[in-house]
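The structure under discussion appears below in the form of structure tokens.
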Amino acid sequence: MNKISYFLKEGFKNIWVNWVMSLVTISVLSLCLLLLGTSLIVSFNVKNLISQVEGTNQIAVFLNAGLDQKAIDAVGEKIKSISNVNKIVFISSKEALEIQKKQLGEYKDLVSGLENDNYLPNAYQVSLKSMAKYSDTVKQLGSIEGVKKTTQNIDIANKLTQISNVIGVVGIWLFAILAVVSLFIVSNTIKSAVYVRKREINIMKFVGATDGFIRWPFVVEGLFIGIISSIVAVGAEYYIYIGLISKAFNVLKIINPIPITSFSGYMIAGFLISGILVGICGSLISIRKYLRV
Amino acid sequence: MHGHPNILQQNRGKRNILILISIGNGINFKGGVKLIKFIDTIKIYDNGTRALKSINLKIDDGEFVFIRGASGAGKSTLIKLLMHEEMPTAGEININGYSITKMKRRDVPFLRRTMGVVFQDFRLIHNMTVYENVAFAMRVTGAVSQEIRRRVPYVLSLVGLAKKARSFPHELSGGEQQRVSLARALINNPFFIIADEPTGNIDPEMSIEIMELLDEINSRGTTIIMVTHDATLVERYSYHRIITIEGGLISEDIPGSSI
């Protein structure tokens, strides 16, 4: 207990004595966390959008005319056996006509003569599990015997998948670069704190302090820098998300932003963990060298 | 600057207490015989300087040893080896049955707790008071606050600085600062004290004061190794053992006369 309170006190003192460096470090680290968090949140939103589209995403599979019920069922079984297929609904040519009539409303007379000579094909309405395999699935559907054609909106599907991939890749790179940058800055700050106390460390060594005893106050310093930075980043992220990103999405209409409350727990935990990790690693890197006496 | 003529009297009164505490607090490094041994110790620095050329030396428990020699003779190297700051190139150093060369890195702090070190430049921490400077050395060893609060004032009174506990180093004279560092060296009840030119930065009158303190500490059983090139001081205390180092070798070893 005695030791812990000493380490905490010394750690705080380091931050305070070196307040300019501490301030710079906290700003940079929270900026890094903020950029990382924002890129993750945007990517979550796009993923969310994709899953919304996926949920309503359906392919119409039109069948050849003149198939009997047995053949129609056989095609249905084959479609079901494709792994990416989630659900299928059979729409007979009669039902298709009814749907058309409904859509035409008061102009339904236009198709009134067709009851006896229905040119509309039988069809399956197929919904998919994943947009990513959209084009493969369409190919598979097209190759089934008895299928005349399939409707495709492959462009939207491809674009959304591409966007989500790009955001994913950018996010990972951003994370890697920012992690290195913040690690560098944190370790430099602690290094200067160590330098200021070099004399003290030397004296500690010759009166018999263990490495651990010398190291702890600096680890505490890194820890506090990490915690403070993540708190700052959480606050800024709330402001940015509610104030800017949500508004922008609302203007665009097509995207429903994920409400911040649904992920704030993860966000706070993520910021805290990454902030603390960077802080502690940074301090461990910087004091290693000075302990070799 | 004024002297403290009554320090020794104060101290003598407390001798029994100190001995008692010593027994209670003693760190038993490996039991057995307490002594320091250099066996064919050679030190060549990376830049080629041959600082020590085969040193054979035995210092018994309770001895007071002067180590003298010109600058560059190898005195500092000898001390650095004892403190495990440098490793010998060849040969062996043994402290209380513990081999310095075979020692694990993580055991070094515990070796250092068995010695108290006093430097020419005092090496006090400027932004700490006298009390804190001494308490700091005790805290480092993991001592509890209660123990620290009890022992620090006692050791400060031992060196005659009880009234200066709240002063900062820059408010003290050189002699007083050296007494603070002596208090720091004593705080963990070391087996031996290494004093590296302890009087080098102090005027002669104060030097005598420091010497008297060291003598006093030695008379209570603590081994003292004092490096100095102050010939008059060695002359005055010539009843102690005097080792002369020249060009990395021991050129003279005059045994002490009293004790």
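The values are calculated or read from the model by the stated rules, or taken from the named source; none is laboratory data. Please read all numbers here as calculations on a predicted model, not as lab measurements. With ideal geometry, Cβ positions are generated from the backbone for all residues, glycine too; neighbour counts draw on all protein chains shown.
Tabulated results
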{"item": "Test for residue A:215: is it part of a helix (DSSP H, G or I), crowded, with 18+ Cβ neighbours inside 10 Å and within 14 Å of chain B (Cβ to nearest Cβ)", "result": "yes"}
{"item": "Filter result (β-branched (Val, Ile, Thr), under 23 Å from residue B:186 (Cα atoms) and in contact with a Leu (Cβ under 7 Å, 6 or more places away or on another chain)) within the range A:173-218", "result": "A:214"}
{"item": "Among (1) modelled with pLDDT under 90; (2) buried (at least 19 other Cβ atoms within 10 Å of the Cβ) - the single one residue B:142 does not satisfy", "result": "(2)"}
{"item": "Members of the range B:122-166 found to be within 11 Å of another protein chain (Cβ to nearest Cβ), out of contact with any helix residue (DSSP H, G or I) (no Cβ under 7 Å at 6 or more places or on another chain) and closer than 25 Å to residue B:197 by Cα, listed by number", "result": "B:127, B:136"}
{"item": "Options B:156, B:182; residue that is part of a helix (DSSP H, G or I) and closer than 24 Å to residue B:69 by Cα", "result": "B:182"}
{"item": "Options A:34, A:49, A:97; residue that is over 30 Å from residue A:241 (Cβ atoms) and surrounded by 15 or more Cβ atoms within 10 Å (Cβ to Cβ)", "result": "A:97"}
{"item": "Every residue from the range A:135-162 that is surrounded by 14 or more Cβ atoms within 10 Å (Cβ to Cβ), at pLDDT 80 or above and outside any helix (DSSP H, G or I)", "result": "A:144, A:146, A:147, A:148"}
{"item": "Answer from B:247, B:174 - the residue that is surrounded by fewer than 20 Cβ atoms within 10 Å (Cβ to Cβ) and within 18 Å of the chain's Cα centre (by Cα)", "result": "B:174"}
{"item": "Selection from the range B:79-97 of residues that are of a type in the set (A, V, I, L, M) and either touching a residue at least 40 places away in the same chain (Cβ under 8 Å) or within 20 Å of residue B:66 (Cα to Cα) (or both)", "result": "B:79, B:81, B:82, B:83, B:90, B:93, B:95"}
{"item": "Residue within the range B:177-194 that is surrounded by fewer than 23 Cβ atoms within 10 Å (Cβ to Cβ), touching a strand residue (DSSP E or B) at 6+ places or on another chain (Cβ under 9 Å) and either away from chain A (no Cβ under 14 Å) or among the acidic types (Asp, Glu) (or both) present", "result": "no"}
{"item": "Residue in the range A:246-291 that is modelled with the lowest pLDDT, counting only those that are of a type in the set (A, V, I, L, M) and within 17 Å of residue A:43 (Cβ to Cβ)", "result": "A:254"}
{"item": "Scope the range B:198-216; condition in contact with a helix residue (DSSP H, G or I) (Cβ under 7 Å, 6 or more places away or on another chain) and either crowded, with 16+ Cβ neighbours inside 10 Å or of a type in the set (Val, Ile, Thr) (or both); matching residues", "result": "B:198, B:199, B:201, B:202, B:206, B:207, B:209, B:210, B:211, B:213, B:216"}
{"item": "Residue within the range A:234-245 that is assigned to a helix (DSSP H, G or I), at pLDDT 80 or above, over 28 Å from residue B:121 (Cα atoms) and of a type in the set (Asp, Glu) present", "result": "yes"}
{"item": "Strands (runs of 3 or more DSSP E) contained in the range B:4-109 and holding at least 1 residues farther than 13 Å from residue B:248 by Cβ and at pLDDT below 90", "result": "B:35-44"}
{"item": "Unmet requirement for residue B:133, which otherwise passes all of (1) over 30 Å from residue B:39 (Cα atoms); (2) more than 18 Å from the chain's Cα centre (by Cα)", "result": "(2)"}
{"item": "Tally of residues being in contact (Cβ under 8 Å) with a residue 60 or more places away in the chain and either out of contact with any helix residue (DSSP H, G or I) (no Cβ under 8 Å at 6 or more places or on another chain) or part of a helix (DSSP H, G or I) (or both) across the range A:83-126", "result": "1"}
{"item": "Residue A:132 vs. criteria in a helix (DSSP H, G or I), without any contact (Cβ under 8 Å) to a residue 60 or more places away in the chain and closer than 30 Å to residue A:43 by Cβ", "result": "yes"}
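Rundown of residues vs (1) surrounded by 15 or more Cβ atoms within 10 Å (Cβ to Cβ); (2) within 14 Å of another protein chain (Cβ to nearest Cβ); (3) farther than 27 Å from residue B:84 by Cα, yes/no style:
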site: A:181; (1), (2), (3): yes, no, yes
site: A:186; (1), (2), (3): yes, no, yes
site: A:196; (1), (2), (3): no, yes, no
site: A:200; (1), (2), (3): yes, yes, no
site: A:206; (1), (2), (3): yes, yes, no
site: A:210; (1), (2), (3): yes, yes, no
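Yes/no matrix, rows are residues, columns are (1) in the same structural domain as residue A:204 (by TED's automatic domain parsing); (2) of a type in the set (D, E, K, R):
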| site | (1), (2) |
| --- | --- |
| A:9 | yes, yes |
| A:15 | yes, no |
| A:29 | yes, no |
| A:33 | yes, no |
| A:36 | yes, no |
| A:70 | no, yes |
